1. I'd like to verify a number: residues in the stretch 206-222 that are over 17 Å from Ala304 (Cβ atoms) and out of contact with any His (no Cβ under 8 Å at 6 or more places or on another chain), how many?
2. With Leu285, Leu255, Leu302 as the choices, which residue is in contact (Cβ under 8 Å) with a residue 40 or more places away in the chain, in a helix (DSSP H, G or I) and farther than 30 Å from Arg225 by Cβ?
3. Quick check on my filter: what residues within the stretch 29-70 are assigned to a loop (DSSP other than H, G, I, E, B) and either of a type in the set (Asp, Glu) or within 10 Å of Leu5 (Cα to Cα) (or both)?
4. Please go through (1) more than 19 Å from the chain's Cα centre (by Cα); (2) more than 30 Å from Pro133 (Cβ to Cβ) for Thr323 and return the number of the only condition it doesn't satisfy.
5. Please enumerate the residues belonging to the stretch 43-83 that are within 9 Å of ligand 1 (Cβ to nearest atom), in contact with a strand residue (DSSP E or B) (Cβ under 6 Å, 6 or more places away or on another chain) and not hydrophobic (A, V, I, L, M, F, W, C).
6. Considering only helices (runs of 4 or more DSSP H) fully contained in the stretch 97-197, which possess at least 2 residues that are farther than 30 Å from Glu324 by Cα and modelled with pLDDT of 95 or more?
7. With the requirement that a residue be assigned to a loop (DSSP other than H, G, I, E, B), in contact (Cβ under 8 Å) with a residue 24 or more places away in the chain and of a type in the set (D, E, K, R), what does the stretch 71-96 give you?
8. If only one of Ala60, Ala10 is crowded, with 23+ Cβ neighbours inside 10 Å, farther than 15 Å from Leu228 by Cβ and of a type in the set (A, V, I, L, M), which one is it?
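The values are calculated or read from the model by the stated rules, or taken from the named source; none is laboratory data. Treat the numbers as computed from the prediction; the structure is a model and nothing was measured. Here Cβ is always computed from backbone atoms with ideal geometry, including for glycine, and neighbour counts include all displayed protein chains.
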Amino acid sequence: MDRILVTGGAGFIGSNFVHHLVVRTDARVTVLDKMTYAASPAALEELPADRVRLVVGDVADAAVVEPLVADHDIVVHFAAESHNDNSLNDPAPFVQTNLVGTFTILEAVRKAGVRLHHVSTDEVYGDLELDDPARFTEATPYQPSSPYSASKAGSDHLVRAWVRSFGVQATISNCSNNYGPWQHVEKFIPRQITNVIDGGRPKLYGAGLNVRDWIHTEDHSSAVRTVLERGRIGETYLIGADGERNNLDVVRMILRHFGRPEDDFDHVTDRAGHDLRYAIDSTKLRTELGWQPMYDDFEAGLAATIAWYQQHEDWWRPAKEQTEAKYAAVGK
Ligand code: NAD
Ligand code: TDX
């Protein structure tokens, strides 16, 4: 039975992955999480105590990380500061957690000889033009735009260097934009859903023509498990589910779902350095490792996500007011 250490396992995607492991494998899981504003203890409730335990700690703290890593067979590294807008307001925690944290994890797996999977983002590749037929592949050059994506790009480079120079047994995945339950209300889709539930209007940055390649978080989890089980050490796999949509279309879809007029939204100040389009070509993951997404109908996945937010107001309500106050302070 594998002992798997999941960093950031109380966050949006990490907690989904922990549930996925409990249901789909017989692994014993330790979550290492600093429990920042982005963590959801509620997302880990009702998991079997003999399969999952939570250690509260910082991935950049070697005194916590090294003994913990040495006690596991695999580390899956989700922990990160994850929100682009926050990285524009204050980049410091992004450098600390995403770079120093990943460095600390790498040193620990190097010393203990433990397998690592590093979870990263398609944002490391910068952006594409709207009419560019190209999509990102594993060979696309890195060109990150924001402090967040630059810190994730740096973390990927550290992992590759530790593989090549020290023979660390690691894989990397770069995934597109996730949606689904438990995503913080600072992020685009939950922010707009909860604005509409509150009788307010969605807030679209700029013209809203920016394209994101949406994937359900369950599909991200199944892809990471596929890489753990069948991925080749030292390789990178792009994860995506052919879900390109522009932000305006997503806002209109949400408004339609609630029976509100399609133009019942506000244009607000655009994000500085706002990436135009992300698009993933996941052929390598699909053909080499045989992975396929389960959620191929975005509108149905979005409707289920809206229903989840309607049913879990007690979870998101405490974060909503403060999040909106932060946006209002910068005209968003
Ligand atoms: P999230 O912000 O919802 O969760 C991050 C988790 O990490 C939180 O539980 C937080 O408490 C924890 N954390 C933060 N700093 C920590 C530290 N120093 N030590 C220990 N724990 C710490 O993020 P998410 O959206 O679930 O993203 C998880 C990972 O997936 C990140 O590495 C992110 O870059 C990557 N990713 C996210 C997306 C997306 O669309 N959300 C897409 C591709 C890749
Ligand atoms: O209120 C909003 N209005 C708006 O138009 C917000 C919060 C966002 N947007 C736009 C910006 C983006 O074009 O929506 C799009 C999605 O924004 P975010 O949810 O902030 O995601 P993004 O910046 O694309 O990054 C996400 O995907 C890649 C995750 O937050 C990252 O962690 C992941 O790496």
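1. Filtering the stretch 206-222 for residues over 17 Å from Ala304 (Cβ atoms) gives 206-213.
Still in the list and also out of contact with any His (no Cβ under 8 Å at 6 or more places or on another chain): 209, 211-213.
Count: 4.
2. Numbers: Leu285 fails: farther than 30 Å from Arg225 by Cβ; Leu302 fails: farther than 30 Å from Arg225 by Cβ.
Just a single option satisfies the conditions, and that option is Leu255.
3. Pass one, the stretch 29-70, residues assigned to a loop (DSSP other than H, G, I, E, B): 34-40, 45-51, 57-61.
Hits for the stretch 29-70 are Glu45, Glu46, Asp50, Asp58, Asp61.
4. (1) is the only condition that Thr323 fails.
5. Across the stretch 43-83, the qualifying residues are Gly57, His77.
6. Hits in the stretch 97-197: 101-112, 147-166.
7. Narrowing the stretch 71-96 to residues assigned to a loop (DSSP other than H, G, I, E, B): 71-73, 78-83, 90-91.
Of the ones still in play, those that are also in contact (Cβ under 8 Å) with a residue 24 or more places away in the chain are 71-73, 78-83, 91.
Asp71, Asp73, Glu81, listed by residue number.
8. Details: Ala60 fails: crowded, with 23+ Cβ neighbours inside 10 Å.
Only one candidate passes the filter, namely Ala10.
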